[in-house]
Amino acid sequence: MTLPDTMRAVRITRHGGPEALEPAQLPVPVPQKGEALVQVTAVALNNTDLWTREGAYGRPGNPHALSGWRGPIDFPRIQGADVAGRVAAVGPGTPETLLGRRVVIDPAIYDSTAPDAHPIGLMGSERDGGYAEYVTAPAHHLHDMTGSPLTDDQLAALPTAYGTALGMIERGRLREGDTALVTGASGGVGIALTQLAHARGAHVIAVSSGPKTDAVRAAGAHQVVDRTQNLPDRLRAAAPDGIDIALDVVAGDLLTDGLPLLREGARWIVAGALGGYDLTFDVRRLYLHNIQLIGSSMHTPTLMNLARQGDIRPPIAATFPLEEAARAQEELARRNHIGKIVLHPNP
């Protein structure tokens with residue numbers, strides 16, 4: 001395959017609004033030892049894109065500091081964690097058998113090579129991502145999806161949303177027969193949580209807004225509670241015997257109000273703060289009832305086996321060309337969609 005010298009990309013050079021996304025013509029990156037170059041066919045958007053661009057993550061001891069996922073961003077930075085594409089070139093020490101393979105990139109930067117390693121960085125934040133025609137990645141982070149029945153858009157929708165969902169389910173030790181509360185159920189992670197928890201035999205109570213109820217129910221929710229209508233009372237009515245596990249990407253007042261609804265020995269898993277990060281709750285609800293409050297991020301290896309078999313089908317809400325990345329992020333921020341928004345860097 002003959003590679004061009006330059007590529008189209010969209011990057012951020014500072015924190016700010018959608019105007020901080022700037023088109024650029026850049027050299028095609030050269031894969032280093034142990035890396036591969038991937039021609040990007042689809043890159044899915046995530047809330048991490050918005051919060052990284054805005055610098056909304058804060059830092060330990062200074063929650064209002066402008067910061068990326070794990071600290072200051074090394075600008076300029078090409079965003080985009082979730083990439084599907086084809087291997088276009090390999091670096092020294094990378095098997096040439098990868099050339100031409102259809103792949104998904106695991107975007108996480110891990111603290112070790114152990115199966116339970118913790119993510120300490122993310123593509124599109126701590127290294128360049130997929131808002132570009134080409135991106136490099138470590139070869140051992142490429143998952144061969146050549147035989148998967150999923151489309152490239154669906155494959156790109158997997159790593160962050162479904163990886164985050166699977167991490168929550170694994171760390172929360174969800175069991176068959178559990179009553180599982182899923183918050184933010186119409187978003188990318190929420191839909192993934194609903195599908196995966198249902199597939200594992202949980203009774204899923206999902207929180208969403210009224211217009212999105214049918215789509216959330218179609219994803220596998222047994223009950224859907226409207227978040228705009230006296231939520232604590234409605235959850236109590238939906239789960240009169242209590243909740244075994246809460247899979248929460250909202251936090252805020254929902255966590256404060258929801259802890260008393262948990263059963264003895266239940267688990268509340270948090271992987272987001274759409275409803276706010278600065279909250280208070282009665283800590284006695286934890287230790288008097290043996291409740292665990294667990295933070296969670298990504299977990300992708302098992303996920304890719306499900307994708308190869310087509311056992312999960314991420315819904316795609318909309319697609320945009322690379323040049324419209326700012327408009328795509330604006331659409332993501334409105335939260336009127338169900339499923340994932342995807343960019344196409346290579347038409």
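What follows is calculated from the coordinates using simple rules that are stated; it is not laboratory data. Being a predicted model, the structure only gives us computed values, none of them experimental. Note that each Cβ is placed from the backbone with ideal geometry, even for glycine, and that neighbours are counted across all protein chains shown.
For the chain, the relative contact order works out to 19 percent when only alpha carbon pairs closer than 8 Å and six or more residues apart are counted. Normalised by 2.2 N^0.38 Å, where N counts its residues, the alpha-carbon radius of gyration of region 120-248 equals 1.21.
Please give the calculated 222 nm ellipticity per residue for the chain, where each DSSP H segment of at least 4 residues contributes -39500 (n - 2.57) and the sum is spread over every residue; nearest 500 deg cm²/dmol? Helix contribution divided over all residues of the chain: -6000 deg cm²/dmol. Among rounded, prolate and oblate, which fits region 205-320 when a ≥ b ≥ c are the square roots of the eigenvalues of its C-alpha gyration tensor, a/c under 1.5 means rounded, and a/b larger than b/c means prolate? Taking the square roots of the gyration eigenvalues as a ≥ b ≥ c, region 205-320 is prolate. With coordinates expressed along the principal axes, the C-alpha atoms belonging to the chain extend over 63, 42, 39 Å, beginning with the largest. For Ile316, the amide hydrogen comes within under 5 Å of the amide hydrogens of Lys340, counting only partners 5 or more places away or on other chains and with H modelled in the peptide plane.
Would you mind telling me the antiparallel percentage of the DSSP bridges in region 30-111, rounded to 5?
Values: 12 of 13 bridges.
Restricted to region 30-111, the bridges split so that about 90 percent are antiparallel.
Converting the Cα gyration tensor eigenvalues of region 1-83 into ellipsoid dimensions via √(5λ) gives semi-axes, longest first, of 27, 14, 12 Å. Close amide-amide hydrogen proximity is noted between Gly252 and Gly275, Gly276, each under 5 Å apart and 5 or more residues distant or on a separate chain (H modeled in the peptide plane; Pro and chain starts excluded). In a simple Cβ point-charge model (Lys, Arg +1; Asp, Glu -1; nothing else charged), the chain has a dipole of about 300 debye relative to its Cα centre. Computed on region 271-347, the Cα convex hull volume stands at 169 Å³ per residue.
Between the alpha-carbon centres of region 121-162 and region 14-61 there is a gap of 12 Å. The charge dipole of region 24-154, taken about the Cα centre with unit charges on the Cβ atoms of Lys, Arg (+1) and Asp, Glu (-1), comes to about 180 debye, rounded to the nearest 20.
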